[in-house]
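Down below is the structure, laid out as structure tokens.
The values are calculated or read from the model by the stated rules, or taken from the named source; none is laboratory data. Quick caveat, the model's predicted, so the values are computed rather than measured. Note that we place each Cβ from the backbone using ideal geometry, even for glycine, and neighbour counts take in every protein chain shown. Just so you know, the surface numbers come from the protein's heavy atoms only, side chains and all, with ligands and any DNA or RNA stripped out. Shrake-Rupley method; radii C 1.70, N 1.55, O 1.52, S 1.80 Å.
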Amino acid sequence: MRITVLSGGVGGARFLRGVRAWARREYPDGAGGSTAEITAIVNTGDDMWLTGLRISPDLDSIMYTLAGANDEERGWGRVGETERVSGELRAYDVGWPWFTLGDLDIGTHLARSHFLRSGIPLSEATARITARWDIGVRLLPVTDSEVETHVVVDESGTSQHFQEWWTRYRASVPALRFVQEGVESAEPAPGVLEAIADADVILIAPSNPVVSIGTILGIPGIRAALTAAKAPVVGVSPIINGAVVRGMADACLQAIGVATSADAVALHYGAKSSGGLLTAWLVDTSDAATAETISAAGIRTVVTPLWMRDVPTSSQLAADAVAAAG
Ligand code: GDP
Ligand code: CA
């Protein structure tokens, strides 16, 4: 069973932890000769160079979460880390004072930057970095190219790096649009198109539809690969009860003219039967009223609890998503 998941950072990481738990239960190693292979295609639009380091927030959120090394309380970085290096950088007036990196996390960025500067592409650097942990999921950056999301904030075209708009200004500056700098010449990273073409089921994590999933879909070749894939494509709504669960994705949806509702996001992805992406879409029980609109558009709709409170609820969600593939 080959499962390919399109993923952003925190929402994607929680979902992947559930998919892995589900797979370990359904396919205990070697039993009956069948196994589950999970591949995550991960957003890299939030990546950036800062103080000489290449930072890949979504790849790292997933790696730390799957390794059990993430800081659950704070919501980012490594558990039990200090911030002494960031303090030193601030004293030198280097970097972004509003963007603190923990010391253990900086170790990851040093390793990644070392590989990249030696000419090793991000996909291979990610394989080497994740090899340290037995995470049970193959992580593929969507592209090896540096394609970064910028947020256009005024008519003259002034833009901010996504990270500044999101972390410094907490998405409070109205976004006119999102642009992927350098996307024209980008290609999917090695293994990405194969992971889509060879999958038995493709899952879209309940990640930000604009700056996580939208960024993945913007890399030339990805959308066409998904519409051509033989596998069903099942998405999980990141919207519950007409609101975002964690974070500020509503500010992103507003910028692209999509309402913050489970059905609007489903229609935005579109039905596979009419040239869009989705075979099926999971909505929360609180959004049951949206099911009719979604089904009418040709997308199989499954109403089920979508809150990922812990590993059991996340793995039940993964089971529901795979079952929805039919
Ligand atoms: P980021 O890269 O860290 O912003 O994370 P993602 O893009 O992967 O996920 C962010 C999205 O996850 C937000 O839009 C949330 O609405 C959604 N989300 C977070 N927790 C949950 C949850 O428990 N259930 C569902 N269905 N969505 C969630
Ligand atoms: Ca992200």
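For the chain, the share of alpha carbon pairs falling in successive 10 Å distance bins from zero is 6, 27, 36, 24, 6, 1, 0 percent. The residues of segment 208-255 expose, per residue, 33 Å² of accessible area to a 1.4 Å probe.
Converting phi to 3J(HN,Hα) with the Karplus coefficients 6.51, -1.76 and 1.60 and the offset θ = phi - 60°, segment 303-311 yields 9, 7, x, 10, 6, 9, 7, 7, 5 Hz in sequence order, with x at every glycine or proline. In segment 176-253, taking the dipole from charged Cβ atoms about the Cα centre, the farthest positive-side position among 222, 189, 236 is held by 236. Assuming charge only on the beta carbon of Lys and Arg (+1) and of Asp and Glu (-1), the dipole of segment 20-119 about its Cα centre is about 220 debye to the nearest 20.
Sparse packing (at most 14 other Cβ atoms within 10 Å of the Cβ) combined with a DSSP loop state is found for the following GluC sites (Glu not before Pro) in segment 1-87: 72, 73. Annotation: residue 114 carries an accessible surface of approximately 110 Å², with a 1.4 Å probe and no ligand, DNA or RNA atoms counted. Rounded to the nearest 0.05, what FRET efficiency do residue 187 and residue 114 give with R0 = 22 Å and r taken as the Cβ-Cβ distance? Could you check? The calculated FRET efficiency here is 0.40. Positive-end ranking of 86, 101, 55 along the dipole of segment 8-130, with charges on Cβ about the Cα centre, is headed by 55. The label-point distance for residue 302 and residue 168, in a model that sets each label 7 Å from Cα toward Cβ, rounds to 4.2 nm. P(r) tail for segment 283-326: Cα pairs beyond 15 Å make up 46% of the total. Between 203, 133, 159, the Cα set farthest toward the positive side of the dipole of segment 127-213 (charges on each charged residue's Cβ, about the Cα centre) is that of 133.
Summing Cβ point charges (Lys, Arg +1; Asp, Glu -1) relative to the Cα centre of the chain gives a dipole of roughly 500 debye. Put a dot 7 Å past the Cα of residue 194, heading toward its Cβ, do the same for residue 227, and the two dots end up 2.6 nm apart. Once both labels are positioned 7 Å from their Cα atoms along Cα-to-Cβ, the gap between residue 49 and residue 246 label points is 3.1 nm. A simple packing score, the average count of other Cβ atoms within 10 Å per residue, orders the peptides 115-125, 3-13 as 3-13, 115-125, with the highest score first.
In terms of its C-alpha gyration tensor, segment 88-184 has an oblate overall shape, because the principal axis ratio a/c (a ≥ b ≥ c, square roots of the eigenvalues) is not below 1.5 and a/b does not outweigh b/c.
Taking 173, 244, 211 as the candidate residues, the one with maximal mean-square fluctuation in a Gaussian network model of the chain, Cα springs under 10 Å, is 173. Across segment 143-218, the convex hull enclosing all Cα atoms gives 100 Å³ per residue.
Here the extension length gained between residue 285 and residue 132 equals 51.2 nm, from 0.36 nm per residue of separation less the Cα-Cα distance.
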